[in-house]
Each structure stands twice: as structure tokens, then as C-alpha cells.
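Taking it in order: structure first as C-alpha cells, then the write-up.
Taken together, the values in this text are just the output of simple stated rules run on the coordinates, not laboratory data. Because the structure is predicted, anything quoted here is derived from the model rather than measured. Cβ atoms come from the backbone with ideal geometry, glycine included; neighbour counts cover every protein chain shown.
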Amino acid sequence: MDDTNGTGTEGRAELDAFSVESVYAELLSRAPEDKMEPRMAPLHRAMEILGEPNRAFPIIHITGTNGKTSTARMIESILLAHDLRTGRFTSPHLSRVTERISIDGEPVADETFVRVWDEIRPYLDIVDGELTTAGEPRLTYFECVTILAFAIFADEPIDVGVIEVGLGGITDATNVGDGQVAVITPISLDHTDLLGDTVEDIALEKAGIIKPGSFLVSAIQPRDAAQVLLERAREVGVEFRFEGVEFGVESRTVAVGGQVVSLTGLAGRYGELLVPLHGEHQAENAALAVAAVEAFLGGGERELETELVRNGLRAVTSPGRLEVVRTAPSIIVDAAHNPAGARAAAKGIREAFDFSRLVLVIGVLQDKDATAIFAELHEELGGILEDVCLTQSTSPRSIPAADLLQAALSAGFAEENINIAPGLDDALEWAVMKAEENNDLAGGILVTGSVTVVGEARTLLGK
């Protein structure tokens, strides 16, 4: 290929990036990600036209309120240690849309992303036409990305798909695939406008991924949620295992860069495993991931090789989850976007970091309970957390920074310690200034409140 622009390999990389961004712009021109349609027929129609890529590989399907992406990454890493070729679909992305569709633990190649999109687009046009004729909205952003993921995984091909739901379960676009293992992470209140305003209602939606022929593996759940999952499993006649009953965390100790855990699985015990992630919730995610792989590889009756589990977990990363992105001062980003996530992140910080003082940079999206998020952070970090900077991402769904003031005040933060900086770059600059006051070497910064804020902060900080 001639270097017509005189930029060589670098220039070609820029063209590839532009191509991915062009596809992304086309996807964004559809209904936005938070406008999910409660329907499955168009997904099944798309799969039919494309030759059913949803049936080209076995699936481990993951739903829940918190911990889905970290658990998916742990499952993927353990499967990779078993020499299986994996495809992982998670959402949303932090920096680039290709992060959502991973092959063997890495974002799908730009060329593959663009090529497969170009191949399936004419078929999606057929589905769009049929929907328009029927007076329905055309395929949404998330529906299209989901279809693209299944098409890419079938094209590779992969040995197993690790598929995270976008929202709920019953009518989530990913439910076009039938999971051999249905994994349910902890359920709590979130997206109540779409899923229901009780834990039981939300569990009913998420139980939709439990299908005949699958195997249910669930984290510890609130009683009402556990009962819903249990009844669904019995209704469709599948085996079920719950954390705290058949498997779980046996012990854990804080270690440099993470923690060392011993786990009781469905078929064996796995001791002295390094999990390079912070917080008790990540140890519980690891137990859930191991149980899911046991269920997938041996129906929950065959013990895995401990060394393979050890190698898999040791290699796990989970960007944007209590991730240290800069030191001096330490800047930690965490994508907690609901009260339960905020509580888990705050407890993880207390446990893993010896901060004498912590500055909070926070931005929240409009469909989230900002007041409850602030309350959890204040309760768990009140002794070290004083200075707060209210900000917002560039997402149109962001709550304006100034509108977060009342939520912060109601949680107990003092108004004189609160700064409002709508621009995230200004918010980070202010936080660094505050963290460096008095030459406090044990000061740090927490950036949290939404995936979009964390993603943009990582980009600004060079991650």
C-alpha cells in the first residue's frame, strides 16, 4: 500500500480508527443506548437472516445489578487459562466501542469490527425496513452492537461466548442467545424506571436468562430475589447453585496489588489464589466466576486444575474498577453508578488504601439515585472524605454539575468543602490541588459516579 499521506503505519492506524469511529457514529445515530426496546422479535429476525450466529458457540450468560463486567472478565481469564478461545461482550465501554467485543481478552481488531459491520449492515437494513413498515422503531444502538458481537464471534470463530446483558434479562437483546450457564451477580435497586421498583421485580426480569438446559449459578442475593431465581430454576427444570450455600469465599487477605483468596467451588477447593483487584466484592466475584466455569466445563461435578484457576485469576484486569491510574497523588477511578456499587467501592478503598485524606470527584447520570450514592460514600468514607468536586461527563444523560449540590448537602457534605466544575479537566485539576495541600503524601483522589465520568477521566489521565 502506497503511503500517499506520508504517514506510513501510523497513518494507516489513524484511518482504521476513523473507520471504527465512523461505524460508531452510525450506531449513535440510532436510538441511544438507554432507550432499549422491550422486544425480542427483531433480534430473532436478524439472527435468522444472518444464519443464526447466536447458535454458533456455547454461551455463559451474565446478568445482575453490580459486578457483571468484573465477573465476565474473570470467567474469560479462567477459560483462557484452559486454552479456550473466548469472545466477551460487555457494556458500556470506557474509552472505545471496540472494548465491548473482545476476542481472547483483547478488544476486537479494528479491521474485523469494520468489516463485519459492513457485511451485516445490508441485512440489518432489511430488519429496519420491516420494523418501519410495521410502525415500530428501527433497530436500536444496543441491538445493533449485540448483533454485531454475535456475528463477530461466529466469524472468528470462538469456543465460548461470555455475554453480559445490557439491562435486565427477559427482553435484553443479548437474550437472543441461550446460555449454557446463567450467572446472576448481586441484585439490588437500579434502573427502577425500567425494571421495577422492588428487588423482586428486578429479579423477575433478570431471571429471564435462565432457560431449559442451562445451569444457574448465583451470587448471594436478598431473600426475595433468591426466591424468584429459585422458582424460575425449578420452573424450567435446571440445576442451581447459590453462593453461601454450595460455594463461596473461604478466606481472603489483602495483598500488594490486590488480595489472596481461598475459594470453595462446586466441585473443589482452590487455595491461595491471587486476585489483582481490590475489595471484598471482587473476591465474591471470583468465587462466582470459578463456579460458573466449573458448571460450564463439568456440570459442576468436575474439579478444575487449581494451577489453571490460579493462572486465570492472576491475569485478570478490570479497568475502571478501583483502578489506580496515577500516583503522587494517587488517583483512583471506579465506575460505581448506584448505591450498592458506591458502598462496595468505598469499602474497598478503606481496606486496600491507607489514605489520611481523600478528595472526591463525582458525576452522575440522570436515571441514577445521586442522593443515595452520596450517602453511601459519606457513610463509608466520612472520616477521610471532606473535599468534593461536582462535575459531569459529556454524556447528554449527565446531571448538570450544579444540580448535584443538594444531593451532596443532604448526604452530609459541608457546602464550604464543595466545588462545582462542569468541565472534568477542571475538576481533576482542582482535586489534585486539594490533594497536594499541606504536602500530605497520604492524600488521594477518587473519581466515580458513572461509567462515562470514569471513562473520560481515564482518557484525560492518559489511560
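Work through the residues other than ASP104 whose Cβ is under 13 Å from its Cβ and net out their charges, Lys, Arg +1 and Asp, Glu -1.
Net charge around ASP104: -2.
Express the relative contact order of the chain as a whole percentage, based on alpha carbon pairs under 8 Å and six or more residues apart in sequence.
Contact order relative to length: 14 percent.
Pop the C-beta distance of ASP83 and THR198 into the FRET formula with R0 = 56 Å and round what comes out to the nearest 0.05.
0.80
If a/c stays under 1.5 just call it rounded; otherwise compare a/b with b/c (prolate if a/b is bigger, oblate if not). Do that for segment 323-460, with a ≥ b ≥ c from the square roots of the Cα gyration tensor eigenvalues.
Rounded, because the longest to shortest axis ratio a/c is under 1.5.
Name the long-range amide H neighbours of VAL361: under 5 Å, sequence gap of 5 or more, or other chain; modelled H, no Pro or chain starts.
Amide H to amide H, under 5 Å and 5 or more residues apart or across chains, VAL361 pairs with CYS389, LEU446, VAL447, THR448.
Taking amide hydrogens as modeled 1.01 Å from N in the peptide plane, which residues meet the under 5 Å criterion relative to GLY300, leaving out close sequence neighbours?
Excluding prolines and chain starts, which carry no amide H, the hits are ALA295.
Is it possible to state the helix-based mean residue ellipticity at 222 nm for the chain, with each DSSP H run of 4+ residues giving -39500 (n - 2.57), the sum divided by total residues, to the nearest 500 deg cm²/dmol? What is it?
-13000 deg cm²/dmol
Can you return the lysines within cross-link range of LYS347? Criterion is Cα-Cα under 19 Å, with same-chain partners fewer than 8 residues away left out.
Cα-Cα hits under 19 Å: LYS68.
With each pseudo-label sitting 7 Å past Cα toward Cβ, what's the ASP118-VAL236 distance in nm, one decimal?
If labels sit at ASP118 and VAL236, their model points lie 3.8 nm apart.
Over segment 381-426, what is the mean sequence separation of C-alpha contacts under 8 Å (at least six apart), divided by residue count, expressed as relative contact order in percent?
52
Based only on Cα atoms, what mean projected area does the convex hull of segment 234-312 have, in nm²?
Directional mean of the projected Cα hull area for segment 234-312 stands at 5.2 nm².
Cα centroid distance between segment 258-313 and segment 73-141, in Å?
27
Can you name the helices of the chain, as whole DSSP H runs, whose Cα span along the helix axis is 18 Å or more and whose Kyte-Doolittle mean is not below 1.6?
141-155
Below 8 Å between Cα atoms, with a sequence gap of 6+, how large is the relative contact order for segment 250-319 in percent?
31
Treating only the Cα positions of the chain as identical point scatterers, give the base-10 log of I(q)/I(0) from the Debye formula at each q in 0.08, 0.10, 0.11 Å⁻¹.
So the normalised log intensities are -0.47, -0.74, -0.91.
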